[in-house]
Number of protein chains: 2
Amino acid sequence: MTVRAIRGDETAARVLDIAERFVQVRGFNGFSYADVAAELGVTKAALHYHFASKGDLGAALIDRYCARLAARLAALDAGCPAAVDRLHGYVGLYRGMLAEGRLCLCAMLAAEYHTLPGPMQAAVLRFFGQNEAWLESVLAGAAAEGSITLRGPARDAAVALVAGLEGAMLVARPFGDLARFEIAAASLVRSLTGDAFPGAALAGAAPARTQRP
Amino acid sequence: MTVRAIRGDETAARVLDIAERFVQVRGFNGFSYADVAAELGVTKAALHYHFASKGDLGAALIDRYCARLAARLAALDAGCPAAVDRLHGYVGLYRGMLAEGRLCLCAMLAAEYHTLPGPMQAAVLRFFGQNEAWLESVLAGAAAEGSITLRGPARDAAVALVAGLEGAMLVARPFGDLARFEIAAASLVRSLTGDAFPGAALAGAAPARTQRP
DNA sequence: GTCTATAACGAGATAGAC
DNA sequence: GTCTATCTCGTTATAGAC
């Protein structure tokens, strides 16, 4: 459980890249050091140099994942003047992962939560808190600008949206069907914006919004 | 991979009970025959008699889970005259599992999907189809009786609801906080019924509906 | 920083006695 | 139907050479 990692090391970063994909696709209990070593072309022992235990590797995985999320949320803050566009950009983050056949790292770890070492469990909870805190302020901002309608506390809407998006990925992925995600995500966003269903003949045309992963 | 199980066997049923809880709490890759054998007080070899391989055990687990679901949905059909009450009853099925610290069996297996043997994968997909088909007709019925408003196809609303509820359980469980589930579930149902947020001072008082696990 | 070698253990699964 | 005994393999992890 020694922490020898996280430093200006390029090999460690490649280990994290590979392990991250394994966790998002197969789960933390669904891959081994041998899998990572084979793909990286090194031995298992070499991996143990960078991450003494699998728990250390997992914790580093979550830390990096949270840091990357923070950067992406900051990019949305900087690039989207309207709060509602930040909201759509946020949905796009999830869509992009699913398009690669990946679950959200922490959604996977949430499923396996009770088998994880303590430090990983704590980090998973922090991840969701980080998401909800950011979303809460975005939703409050969107409500203030009049682009969405909140029927309760912004925090509650944030909690519901995170849960809904994670669930949409979870269920859509086995079907290999991105459209399933879109249906659920559109429904979630629509419950805030009140937009008509895309293509439905119920209300006026909704403004087409661009959104990329 | 021989199928020697599923018969009027009481031991097999106890094996399934124990294994089911392990899967819902720790995941299919998070427990072993040894775990089940220890809790049942038998040897691993005895388990292999009832379920030749772990994949056989897993497939039997899903089959029984789907059968039990069908019975519960039928009970809702029989016990709830109003479609909207069947909807609330359905939400209660999820709440009850989470209250026991369990994830939906097939939500867990959806996360681990890419590590599962083929027969289990197919069974997982059937489970979600079964849920969505039942919900679709309930939602269509509720729309017809005027207790909910659909902004698109009933099938889409069903897909979104299943995904949302599974996600609500997934995220709420690590926090050990049933209230997190309630927040997300209430938001999902509210997006159909249009009810005001409970206790919010935004619209007229919403009718208090009783809902039990 | 990466290697070989191996320890120490647990996994899923099988054979054959009772 | 359940047992003992065993097999084989994969797992995490460590020791020590290079």
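Coordinate-derived values only; no laboratory data. Given the structure is predicted, the values throughout are model-derived calculations rather than measurements. A quick note on method: Cβ atoms are made from the backbone with ideal geometry, for glycine too, and the neighbour counts reach across all protein chains shown.
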* Restricting region B:71-91 to residues that are more than 14 Å from B:G141 (Cα to Cα) and touching a helix residue (DSSP H, G or I) at 6+ places or on another chain (Cβ under 9 Å), which is surrounded by the most Cβ atoms within 10 Å (Cβ to Cβ)? -> B:Y90
* To do: Evaluate region B:132-144: report whether one residue or more is of a type outside the set (V, I, T) and either facing chain A (nearest Cβ under 10 Å) or in contact with a strand residue (DSSP E or B) (Cβ under 8 Å, 6 or more places away or on another chain) (or both).
  => yes
* Name the residues in region B:32-56 that are more than 7 Å from DNA strand D (Cβ to nearest atom), surrounded by 15 or more Cβ atoms within 10 Å (Cβ to Cβ) and not in a helix (DSSP H, G or I), would you? -> B:F51, B:A52
* Answer from A:R68, A:R26 - the residue that is within 15 Å of DNA strand D (Cβ to nearest atom), without any contact (Cβ under 8 Å) to a residue 12 or more places away in the chain and within 30 Å of A:R180 (Cα to Cα) -> A:R26
* Structure fact -> B:A163 meets each of (1) more than 11 Å from chain A (Cβ to nearest Cβ); (2) surrounded by 23 or more Cβ atoms within 10 Å (Cβ to Cβ); (3) within 16 Å of the chain's Cα centre (by Cα); (4) not aromatic (F, W, Y) with one exception, condition (1)
